[in-house]
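This report concerns only the one structure given below.
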Amino acid sequence: MPTQEYPQVHCVLEDDGVIYYSARGENGWTDYYEVSRDEGNNITITDCHHPSLVVEGDVVYVVWDGVLDGNRNIFWRHLTYFGEESFWSWIWLVCNTQNPSGYPILTTGFFCSWVERQGDDYEIYYARYEPPVWGWRGQTNLSNSPDKISRFSHLAHKQTEQGTDIYFIWTENSVPPYDIKFERVTIGGGGGSGPDALAGLPLYIAKGGEEEKSPFNTRRGGYIQYGNLPYQRVDIDSQYIEYRFENLDYKRDYDLVFCVYQHGYSNLPLFLKVDGVQVGVVNIPQDTLIIRRHRIPASIYADSVIQIEVSGNPAISGSFVLYEYERIRSKGGPQDKGTVGIGSRKSNFEVYPNPFNNNLTIKFQTPGLKSHNPNGNVGQGFLQEPMVLSEPEVSLAVYDVTGRMVKDFSRLTVNGERSTVVWVGCDDSGRRLSGGVYFVRLEAGDYKQIEKAVLLR
């Protein structure tokens, strides 16, 4: 598709048996793109109907029913926006049966429900997309009511670390009045290891080892396909491989799953960094699929972006799968002490603009902090007058990605309980710092919080 800013409105439609997509951005609606035809693989799905879409982060997922090789089945395709470019995937089969299937619907991009006709009967089915198999699996008859007609399914989901629940409603009966049926299916949560680390529904998938690199991949030297199994396909580089994920929500939690396989080295160490911070070292034995899961600290994606680097000699990367979880907070009790609740983070501690070129404004309000300036002066930036703080004592400092303190704000002006500091991108000696990722750390007694700031030069 032509380059453009990420649009705010997406539309998918059917016209004369063809599925089209268009989006509206700053310059109006884009030209129609024919979703049901994959030019790269010379595949055209015919007699297409009932398109549906969902938008998750930077990706638009589309499903529809159509005819391929004489069978009416469900097809899936997705469009990834990255910067000012956009990339369509190839077309995937969600189900492949002899029974006509139609009316598909998605929740996230990786769970689909549809109606399948079996003679005079209609049943509600579902399936999910499973990494690292890289395909749709688990086709299941949910309604299982051969004496009644089940149609018009709708989906919703809720995903936390404790589990992923899919909620279904549909109509059911052979004649009016029709019943409204409800069902919940749990498919597992996060936090596992090995294959269990891939439980739940992904937000983003960056798959390696293909001729056309993943839209999330920003650097690789090439790719290798060790075998026919999907996980045996990897990206490779003599030094490091990079990925970038955008549009993360600081009010949610994220786990990053790294899947990798190699052949030819008895034991290959790989180093994994997120925004310049090393989060793990993975030793990859020969001919073994390794899966590792890492929780991403909220401070790293405060700017809604994470940059991933895999380094080694050589660097090899199979795929990255990013999972998003609703953050659950209990209310009351000692377990909440020192935590920052949803919705309170921005008002308690914020840094902006982010990224920044010259000046970074830091605003904070610490619980229970009382202060006054004996000279009555209110300041911004670096204080020229002393201040008096009651307990707890406040510490505010800036660190680089190695953990080295580069700026210590030991003398601040506090305006009541709401304070503002402006950092001009210099260290304690006044030296202008280079562009990169920095961390602003605030401490006041038991209260601690870190925000990430990106300095552009």
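Bear in mind that the values in this text are calculations on the coordinates, not laboratory data. Remember, predicted model here, so these are calculated numbers, not experimental data. Heads up, the Cβs are rebuilt from the backbone with ideal geometry, glycines too, and the neighbour counts pull from every protein chain shown.
Here are some notes:
- Label-point separation in nm, Ser395 to Cys426, each point 7 Å along Cα→Cβ: 2.5
- Taking 0.36 nm per residue of separation and subtracting the Cα-Cα distance, full extension of the segment from His49 to Tyr167 would add 40.1 nm.
- 3J(HN,Hα) from dihedral phi, the stretch 223-228, Karplus parametrisation 6.51/-1.76/1.60, rounded to Hz, x for glycine, proline: 8, 9, 10, 5, x, 8
- Ranking of Glu210, Glu443 by count of other Cβ atoms within 10 Å, fewest first: Glu210, Glu443
- Estimated FRET transfer efficiency (Glu34, Ser238; beta-carbon r; R0 45 Å; 0.05): 0.70
- Only Lys, Arg, Asp and Glu carry charge here, each on its Cβ (+1 for the first two, -1 for the last two); on that basis the stretch 75-145 has a dipole of about 120 debye about its Cα centre.
- Relative to its Kirkwood radius, the Cα radius of gyration of the stretch 1-157 gives an Rg/Rh of 0.98.
- Across the cross-link table entries Lys407/Lys452; Lys273/Lys407; Lys207/Lys251; Lys363/Lys407, which are compared at the Cα atoms, the separations over 19 Å belong to Lys273/Lys407; Lys207/Lys251.
- Rg/Rh for the stretch 114-186, where both radii come from Cα atoms and Rh is the Kirkwood radius: 1.03
- Positive minus negative residues near Ala156 (Lys, Arg vs Asp, Glu; Cβ under 11 Å): +1
- Order of Glu211, Glu242, Glu451 - criterion: other Cβ atoms within 10 Å of each residue's Cβ, fewest first: Glu211, Glu242, Glu451
- For the stretch 210-279: Kirkwood Rh in Å [reciprocal of mean 1/r, alpha carbons]: 14.1
- Asn99 versus Glu326: modelled label distance in nm, points set 7 Å from Cα along the beta carbon direction: 3.1
- The fewest-to-most ranking of Leu155, Leu229, Leu360 by surrounding Cβ atoms within 10 Å reads Leu229, Leu155, Leu360.
- When the convex hull of its Cα atoms is viewed from all sides, the stretch 45-135 shows a mean projected area of 6.4 nm².
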